[in-house]
Amino acid sequence: MTKPELRRHTAGSKVAAGLNATLDKALLAYAAAASVEVLALSCAAEAKIVYTHAHRQLPLNHVLPLDLNHDGQTDFTFNDTNGTGSTGGWGILTFFPNRSANQIWGRESTHRVEGWASALAAGVRIGPKGRFYPGQKIMARTSSSKGGMQKNTLNSCYGSWKDVTNRYLGLKLVIKGKTHYGWARLNVSCANLTVSGTLTGYAYETIPNKPIIAGKTHGKDVITLKPTSLGHLARGAATTPAWRTKEQ
């Protein structure tokens with residue numbers, strides 16, 4: 001081997017060594033980031049209660065889907081609407097399951113009486129003994145009617161969720177054929193013909209058939225998730241519900 005060839009070989013070795021060192025650092029950084037994501041996901045999988053903090057205003061005249069267990073499938077949906085007519089107006093906030101097996105704690109619907117969702121207080125035990133029923137449930141409703149000659153208007157608001165803070169929907173959902181329990185926390189208020197609501201958090205019990213306590217967000221058996229958590233991002237944007245936004 002001539003000296004020039006030797007110099008070229010030596011220079012190439014240095015470049016290769018430099019590239020290998022850079023690649024090694026990148027791989028180490030990637031492995032470290034991946035291990036953090038795996039740890040976050042494993043914690044979520046091992047947790048008995050998965051709690052998601054939220055601050056989401058329910059959109060008027062639009063639906064808001066709720067993916068309680070973060071599997072990319074809508075479990076329940078909020079529907080907040082209002083309208084007016086020649087004799088008055090109305091506003092109504094309803095909540096319904098997207099799967100026939102999922103149910104809501106409340107009052108059963110009949111052909112004469114509409115079903116209503118209960119506004120549970122913190123500490124209520126949500127489990128097999130709960131009053132769960134299928135189908136859509138009303139949370140709160142407003143109405144107005146015009147008086148004689150349409151000069152006077154009488155406004156009213158009624159329902160378990162009328163003007164409440166930090167109350168809970170009791171939820172029953174089926175995951176892979178097994179029953180789980182959860183809750184959604186909201187603040188709701190009535191004004192004129194509008195029912196306004198804010199979703200502030202939700203949780204579910206990962207152990208089938210085990211009750212969950214409404215409002216429990218701390219303890220060794222609780223893990224808290226946020227829309228920007230590593231565990232959520234690791235599942236990919238395809239599983240991200242469209243309504244999920246960065247907290248304000």
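Under the combined filter of DSSP loop state and at most 13 neighbouring Cβ atoms within 10 Å, the stretch 183-218 retains none of its chymotrypsin sites (Phe, Trp or Tyr not before Pro).
Comparing Cα centroids, the stretch 124-146 and the stretch 180-210 end up 11 angstrom apart.
Measuring between alpha carbons in the structure, the pairs from Lys178/Lys226; Lys129/Lys178; Lys176/Lys220; Lys48/Lys216 lying more than 18 angstrom apart are Lys178/Lys226; Lys176/Lys220. Model label sites at Asn155 and Asn82, defined 7 Å from Cα along the beta-carbon direction, differ in position by 0.7 nm. Exposure proxy for Lys172, Lys178: other Cβ atoms within 10 Å of each Cβ, ordered fewest to most, give Lys178, Lys172.
Taken together, the values in this text are just the output of simple stated rules run on the coordinates, not laboratory data. Predicted model only: the values in this text are computed from it and were never measured. Here Cβ is always computed from backbone atoms with ideal geometry, including for glycine, and neighbour counts include all displayed protein chains.
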